[in-house]
Every structure is written in C-alpha cells, then in structure tokens.
Amino acid sequence: MADSEKMALALAILCFLCGNAFLPSSASSDSFLQCLSVMMPSQLVYQQSSSGFTSVLESSVQNPKFLTNTTVRPLCIVTASDVSHVQAAVRCGRWHGVRLRVRSGGHDYEGLSYRSVRPEVFAVLDLARLCGVRVVPGEGSAWVDAGATLGELYYTVGTTNPGFLFPGGACATVGVSGFISGGGIGLMMRKYGVGGDNVLDARIVNANGDVLDRAAMGEDLFWAIRGGGGESFGVVVAWRLKLSRVPPTVTVVNNLRTMEQGVADLLAKWETTILTPSLPDLTIRVVLQERHAFFQTFYLGRCSDLLRTVRGVFPELGMTAADCNEMSWLRAMAFIYFGNTNTPVEGLLNRTNSLGTYFKSKSDYVRRAVGRAGWESLFQQQLSRNGNMLMILEPHGGAVGGGNTNATTPYPHRRGVLFNIQYGSMWWGEANGTAAATALWWLDGLYGFLGQYATSNPREAFANYRDLDLGQNVVGRYGVSSYSSGRVWAERYFMGNYRRLAAVKAVVDPSDYFRNEQSIPPLPKT
C-alpha cells in the first residue's frame, strides 16, 4: 500500500471513530493489529512473535513475580513516540474491542500496567519514549511528558533551572505520571504539598482519542487525574508542573540507631515532635528493619540552621555537624537515591532495573501516636524476627495537611495524618513456593500487628502503593465495572472522594474502556 493510500485510509478511520463509542470485542485481534499498522510506524508495535517483545515488556518491570509462565501477557506493546500514536492506539482499541493498559515506565506494585490478573485480550501502551522535559531558565514551571522518570525531571530542572525544584519522591526511577496520578508523596511535601498539588495544566487523550488540555477537559477531570488514578480516565501524555524556589544549599543527614540505643524512645519523640506544621523545612523520614531505625533528614537550608532546629526539638537523636551533607538540591536527590556522594547526578538518568528480588508491599496511615510501648513491641514481636521485612515512615503535616481536600486533589490523607507507612517483604528464588509463602505470612503478621495503631473505618491506604489484597473490581453483565465492588478498595485509597471520582468517570468514560482490576468504575445512573 502506498503512503498516500495509507494516509487516506487512516483519515477514513479517524472520521469513523470520532462518532463511534467503544464496540464489543467481536472483531478480531488481527483487525486491531491491522489498524495499528495503518495508523503508525510498524516498528513501534511489538507483537508477541516479535524478537524484541520480551525485552520491551521487561523494560520497566520491577518485580519478577509478574513475569512468570502464568502471567497474562498483552497481545502487543505499542511504544508510542508521539501523541498521535497514543491517539491511534486508543481509537484502534475502541474500534476493535481491544482494551489498553497504559505504562509510563516507572514502578507498578501490582503490575497492572502490563499484565491482567484474569484472562483478557489487551494491549500495552508504553509511554517510555515520550520522556521530554521542557524547562525555561528562570521560569517557575516545566512541561514534562508522561513517560519521563522523576530522575530525568530532577536532572533537567537541576541543571537547566538551578534554584528551582519539583517536590517529588526519593526514588529516581518512579515515573512522573504515575507519581502524580496517585497523589505523590515525598520528602519535600511538608513544604510544598504532594505532587498533585503542584500541577498547573495537563494534556490527556480521552476515550474518543481527542487531546484535551485543562481548559478543554474541565476542572472536574483535571481534579481527578491529579491523585485519583489517571489511567482510569484516559491517557495523560504531558503535565505542566509548578516549580518552587529552593535554597542553593540543602542538608541531608543519615542517622542509624538500634534497639540497644533506645530506638523506641526516639520514635516516640519523633512522632510527637517532628511532625508539627511549624517545621515545614524539616523532614525526617524513618526506615525500620530488623533491629534498626534509619533516620533520614532532609532540610531546606544549611547544616548550622538544621542543628539549631533539631537540637531544640529532637536532641535525643544526637545529630552532629559531622553527620551533615551540604549540597545542592539536585545532588541531594542523587545522594538520597544512591546512598552515597560518589555517584554523579547523571546517574539519575539511568532507567536500568533489576529483576532479582521478589517483593510484596502494603500501606497504612497513622493519625494517633503509636507510643514507646507500641514501637518496642513492634521491634520485639515483628521486625527483629525477620530481616527481610521493612517499614518506611513518611511524615505528613505542614502543607500536606492544609486546605480543603475535596477542593484541591483527590489525595485525601491530609488533615490529622501523622505519617504514612509502606510495608515491604522480600524473598528470592521463585515467585511461588516456600520462600514466598513465608515472606507473605510475615508481611500479613506485620500488617495485622499495626492495625491497632492505624486508621480505621476505613483503614486508609496509598493508591501509589497499590495492593490487590484490598479488593478488585467486578465487571457486570453490561461490561462495566461495578461501583459497589470498587468501594471495597477505593474508599481505602480515596475515602470520601471516591463517589466524585466515579461521577467524573461516568462523564468522560461511561463505557469503562480504560479499566483494570483497580480502576475507578463509572457512577451508575440513578
């Protein structure tokens, strides 16, 4: 077929699709693949028979648990390098009854961006090639493509626009789009708010294949994608992010303390003192493992000011000038991620992942202090008995806890939250077996133990630490996810914002084309 004929056919398909809703999956997978071959370069589509299919599928997979012989794999992977390719994939998918799972190239704790729990014909829309970061020196904003990682964003902002930052997370390989779509918590949120609070505009490809900016999509959809799970509503292809001023020098301090050094007392002081709103420039997150607590301090200022502050409110930590690492914000993000000062900031651009460690994660929120006795019991009864488990405590308060949560973003875990907990359990060998069963048993025990201190009714959870143990959608007889089945898990992530998210879904994607096991269902008509 000549290029002119391909273009004519593509235009005819576009005209047809603009006026048609999602059709039943009676058309063949071959028709979907043929549609893609007309609408975009063939080298961007990797079928299961393609030589590069496996390597592309594995490119951003962080957990080998989801790359076994029983994993339900996609019909193909569309590696879009232009927004028009995203539009084509959506339109071909709706026309031929093939759903898309959208992968921005970062982390995915349950692998739902590239696999299905139940047998299903689907394709993966991989956005990793859409990874541009556009920054103008001196300006307080940046346009970031959906396939960029936080490391790529940090590097570009830090080298092109020093004096500004974006308040992201500690892990450089997390995708920007996934980070924002789940709300986005991190080391600087006490000063600047969560990631979703720092979005000025966005571009999304909707279920009709149209590209909409903030003005065109409307404020309800713009609200929903900044923390309500962007993959439920369309394909976000770019974000305009607010950049905030940062001092030329920030300070990072790592302090390791053990049970024998009174770590339970330190944690009790930490949760009642450091988390106050009056210290937004100071963040001390804590990693707990075995018999240790790793206090990681990030301070927006110099060491001398940090020491003065910490000695006034938390002298028990014993922080000294020798502990301080003064550096630029960009170097601090590299230091926090790599754990040393030797790795150059260019290392933040590395997307390479390791598939050697199996893991399972869960999450919690704490609104009342655990107390010394609780922390002591936690170490003695849980952590010290299994070194393959860990907990990461992310302090909230400050800018996170202010404002009306329903009016800002769907991230609801704000006023009154002391800290978030991420639980992790690791194992090696194989996805299923004795090691896996033991690791999951320990994790369930740890999660169960903390239930007495975590929030309840609902027991809150963080959407970016996706956990299918909380529940999965049930698809009804009309091919639409059930709103009632979604409540089981979604009110844990989004609390009172779930209904509003479902109402937005009913407007922008009533046929539930963009769905997975934990996507927002459309609100039923009354």
* To do: Would you please give the FRET efficiency between residue 34 and residue 428, computed as 1/(1 + (r/R0)^6) with r the Cβ-Cβ distance and R0 = 51 Å, to the nearest 0.05?
  => 0.75
* Asked: Reachable lysines from residue 505, Cα under 20 Å, same-chain residues fewer than 8 places away excluded?
  -> 525
* For segment 407-497, what is the convex hull volume of the alpha-carbon atoms per residue, in Å³? -> 138 Å³
* Longest segment of the chain with no GluC sites (Glu not before Pro) in a DSSP loop having at most 13 other Cβ atoms within 10 Å? -> 140-429
* What list of ³J(HN,Hα) couplings, whole Hz, do you get for segment 78-92 from phi and the Karplus terms 6.51, -1.76, 1.60, once you set θ to phi - 60° and write x for glycine and proline? -> 9, 9, 4, 10, 8, 4, 4, 5, 5, 4, 5, 4, 5, 5, 5
* Structure fact -> Largest-first semi-axes in Å of the equivalent ellipsoid built from the Cα gyration tensor of segment 29-126 are 21, 14, 12
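Pick out, in residue order, every one of the trypsin sites (Lys or Arg not before Pro) in segment 481-526 that is DSSP loop and has at most 14 other C-beta atoms within 10 Å; say none if there are none. Please list the in-between numbers first.
Numbers: sites: 487, 492, 499, 500, 505, 515, 525; in loops: 515, 525.
Those that pass, being in a loop and sparsely packed, are 525.
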* Asked: Non-local amide H neighbours of residue 199 (under 5 Å, H modeled in plane, Pro and chain starts lacking H): which ones?
  -> 242
* What is the P(r) of segment 139-251, as percent of Cα-Cα pairs per 5 Å bin from 0? -> 2, 13, 24, 27, 17, 10, 5, 2, 0, 0
* Asked: What lysines could a cross-link reach from residue 362, if we take a straight Cα to Cα line under 19 Å and drop same-chain neighbours fewer than 8 places away?
  -> 65
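When only C-alpha pairs under 8 Å and at least 6 residues apart count, what is the relative contact order of segment 75-204, in percent? Let's see the in-between values first.
Values: 219 pairs, mean separation 26.6, N = 130.
Taking the mean separation of contacting Cα pairs over the length of segment 75-204, I get 20 percent.
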* Taking 7 Å along the Cα-to-C-beta vector as the label spot, tell me the residue 294-residue 525 distance in nanometres, rounded to one decimal. => 5.4 nm
* **All lysines inside 19 Å of residue 242 as judged from Cα atoms, apart from same-chain residues fewer than 8 positions distant** => 191
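In what sequence, largest accessible area first, do 482, 363 appear using a 1.4 Å probe? Spell out each step's value before the answer.
Details: 482 35, 363 5 Å².
Descending accessible area places them as 482, 363.
If you scale each eigenvalue of the Cα gyration tensor by 5 and take the root, what three semi-axes come out for segment 99-162, rounded to whole angstrom and sorted largest first? Let's see the in-between values first.
Values: eigenvalues 202, 22, 10 Å².
Those come to 32, 11, 7 Å.
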* To do: Would you check the accessible area of residue 212, probe 1.4 Å, heavy atoms only, in square angstrom rounded to 10?
  => 40 Å²
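Can you give me the convex hull volume of the Cα atoms of segment 253-306, divided per residue and expressed in Å³? Let's see the in-between values first.
Working: hull volume 4.1 nm³, N = 54.
So the per-residue hull volume is 76 Å³.
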* To do: Return an integer: the convex hull volume of the alpha-carbon atoms of segment 371-526, in Å³ per residue.
  => 142 Å³
* **Contour excess over end-to-end distance, with Cα ends at residue 342 and residue 201 and 0.36 nm allotted per residue** => 47.1 nm
* Asked: Once you put a point 7 Å from the Cα of residue 272 and another 7 Å from the Cα of residue 50, both along the Cβ direction, what distance in nm separates them?
  -> 5.9 nm
* Longest exposed-loop-site-free stretch of the chain, with chymotrypsin sites (Phe, Trp or Tyr not before Pro), DSSP loop and at most 13 other Cβ within 10 Å? -> 1-427
* Take every Cα pair under 8 Å in the chain that's 6+ residues apart, average their separations, divide by the length, and report that relative contact order as a whole percent. => 15 percent
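Counting Lys and Arg as +1 and Asp and Glu as -1, each charge on the Cβ, what is the dipole of segment 133-245 about the Cα centre in debye, to the nearest 20?
Details: 9 positive and 10 negative charges, 86 e Å.
Charge dipole, segment 133-245, about its Cα centre: 420 debye, nearest 20.
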* Sequence of 286, 474 from largest to smallest accessible area, 1.4 Å probe -> 474, 286
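So, counting K/R as plus one and D/E as minus one, what does the shell of residues with Cβ under 13 Å around residue 134 add up to?
Working: positive: 203, 240; negative: 139, 145, 152, 201.
Here the count lands on -2.
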* Ellipsoid semi-axes in whole angstrom, largest first, where each is sqrt(5λ) of the Cα gyration tensor of the chain -> 40, 25, 22
* To do: Work out how much length residue 373 to residue 240 would gain on full extension: take 0.36 nm times their residue separation and subtract the Cα-Cα distance, in nm to one decimal.
  => 43.3 nm
* Asked: What residues qualify as long-range amide H neighbours of residue 365, i.e. H under 5 Å apart, gap of 5 or more or another chain, H built at 1.01 Å from N?
  -> 421, 455, 460
* Structure fact -> Residue by residue through segment 279-286, the couplings from Karplus 6.51 cos²θ - 1.76 cosθ + 1.60 with θ = phi - 60°, in Hz, x for Gly and Pro, are 10, x, 7, 10, 10, 10, 8, 10
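Determine the order of 79, 352 by accessible area, beginning with the largest, at a probe radius of 1.4 Å.
Details: 79 5, 352 110 Å².
From most exposed to least exposed: 352, 79.
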* Asked: If you plug each phi of segment 437-453 into the Karplus form 6.51 cos²θ - 1.76 cosθ + 1.60 with θ = phi - 60°, what whole-Hz ³J(HN,Hα) values come out, in order, with x for Gly and Pro?
  -> 4, 5, 4, 6, 5, 5, 4, 4, x, 5, 5, x, 4, 6, x, 6, 10
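The values are calculated or read from the model by the stated rules, or taken from the named source; none is laboratory data. Fair warning: this is a prediction, and the values are worked out from it, not measured in the lab. We place every Cβ from the backbone using ideal geometry, glycine too, and count neighbours over all the protein chains shown. These accessible areas exclude ligands, DNA and RNA; they are computed on the full protein's heavy atoms, side chains included. Shrake-Rupley method; radii C 1.70, N 1.55, O 1.52, S 1.80 Å.
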